[in-house]
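S.K.: What follows is a structure written as structure tokens; I'll ask about it next.
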Amino acid sequence: MGRTYIVEETVGQYLSNINLQGKDFVSGLLIGQCSSQKDYVILATRTPPKEEQNENLKHQQKAKLGNLDEEWTTEHANQVSRMLPGGLLVLGVFIITTLEMGNDCQNALRRLIFAMEKSLSKRRLWNFTEEEVSERVTLHICSSTKKIVCRTYDIRDPKSSAKPADWKYQNGLSTSWLPLECTVHVNIHIPLSTTSVSYTLEKNTKNGLIRWAKQIENGVYLINGQVKDEDCDLLEGQKKYSRGNVQAASHSFDVKVLTQLILNSDHRSTATVQICSGSVNLKGAVKCRAYVHSNKPKVKDAVQAMKRDILNTVADRCEMLFEDLLLNEIPEKKDSEKEFHILPHRVFVPIPGSTVMLCDYKFGDESAEEMRDHFIEMLDHMIQIEDLEIAEEINTACVSYSMNTEASLDNTDDEQPKQPIKTAVIMKIQQNIGVIAAVVVAVFAAGISFHYFSD
């Protein structure tokens, strides 16, 4: 028996309103959440056409599904995945075709599913667990008959064949989904070893983030101040309406993260010395949000969603900064100078008729109109400027350049900047700081101590 997809009714309305406008097909992404019993689809978004495709549409011959631009669709999936809070994924793809092209679409959809997942997996700091659902959905709709064909592929098996799946609409699917919120104070120090000088700064930073990600993965998570067994019902003790919806769904669960500072007593700790050409420091506060469905969710579902949002939002901001530096060709500073770069703010926007909010990232010089236009382009849904919610706090930071290689990267709080900078996370890059010695981590006999990341 195949998987069942419970789909928000507004998704069905959106798909039925898509007009081919003379094209032979239109494709896009399906967004939602997996669970062990069934999957939930709460949003669909059409992949925007390339500009040259719009300009040359009248001169094109009949398109073939074999020419479906996988690279363009995959890039759309990468952009949209940045806009998803914890708990949400790009679950698959849809395609709407003319009747004549209906028989050719499955091979194209299969290639697209695997190409998209391969690209998305490269960007993640985390991996799917063995217990998680590994099937992704493809949806084919005939523009004239409105016939729907829903199939899934196992992304862990490149040779997997299509399996039939059920596609069922439900009204108000995500109106009672459960939001979780967490503020994480990060202070990540990444030495740039001279042995890795052939790597780009982006790759070195990604390697450092992978080490930090292990701390987040192994942390202890408090939900509303309590540590709960992972197999417990997240809604245990919550009041319910007569229809079973949770009364507490209107407000978020507060999550705090405790990360381990020391190793277990059976592990020896030794000092290591690295000859480094510089270092990267990520410092500040990030606002994290995650959502889980309200159909008997487990604590482990909520914790996993929050972990992944923490990892995604930090990694995505770093990736966006490097893209911005490359695009604008910002010159590097001289040796032994510090560079201070502001990572983008996180901006949330609600999905109409849902408790779920999507997100995007805003650099300091971007206007609210630009943010709105990017949301519309990527998600193909109208939003209002007044609905944009900049989640980050206003922090102050001293932006300066220092020739003193002995100065600490973190001792900037003693000086007050001339004006506050609206920032959550600052990337500080110090070049040629020489030898960095890692401090020996002491092991206390009393047991395991934890560090509050969120306080």
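The values are calculated or read from the model by the stated rules, or taken from the named source; none is laboratory data. Keep in mind that this is a model prediction, so the values were computed, not measured. Just so you know, the surface numbers come from the protein's heavy atoms only, side chains and all, with ligands and any DNA or RNA stripped out. Shrake-Rupley method; radii C 1.70, N 1.55, O 1.52, S 1.80 Å.
S.K.: Check which residues have an amide H placed less than 5 Å from Phe94's amide H, if you skip close sequence neighbours.
M.R.: Gly28, Leu29, Leu30, Leu139
S.K.: Does region 102-183 classify as rounded, prolate or oblate by the C-alpha gyration tensor (a ≥ b ≥ c root eigenvalues; a/c under 1.5 gives rounded; else a/b over b/c gives prolate, otherwise oblate)?
M.R.: oblate
S.K.: Using a 1.4 Å probe on the protein heavy atoms only, what accessible surface does Glu70 show? Give it in Å² to the nearest 10.
M.R.: Roll a 1.4 Å probe over it and Glu70 shows about 60 Å².
S.K.: Largest first, what is the accessible-area ranking of Glu117, Glu181 with a 1.4 Å probe? Write down the numbers at each step before the final one.
M.R.: Numbers: Glu117 20, Glu181 75 Å².
Most to least solvent-accessible, the answer reads Glu181, Glu117.
S.K.: Round to the nearest 10 and report in Å² the accessible area of Met320, as given by a 1.4 Å probe over the protein chains' heavy atoms.
M.R.: Here the accessible area works out near 30 Å².
S.K.: What pairs in Lys159/Lys287; Lys50/Lys283; Lys214/Lys296; Lys38/Lys159 have C-alpha atoms more than 32 Å from each other?
M.R.: In this structure, Lys159/Lys287; Lys50/Lys283 exceed 32 Å between Cα atoms.
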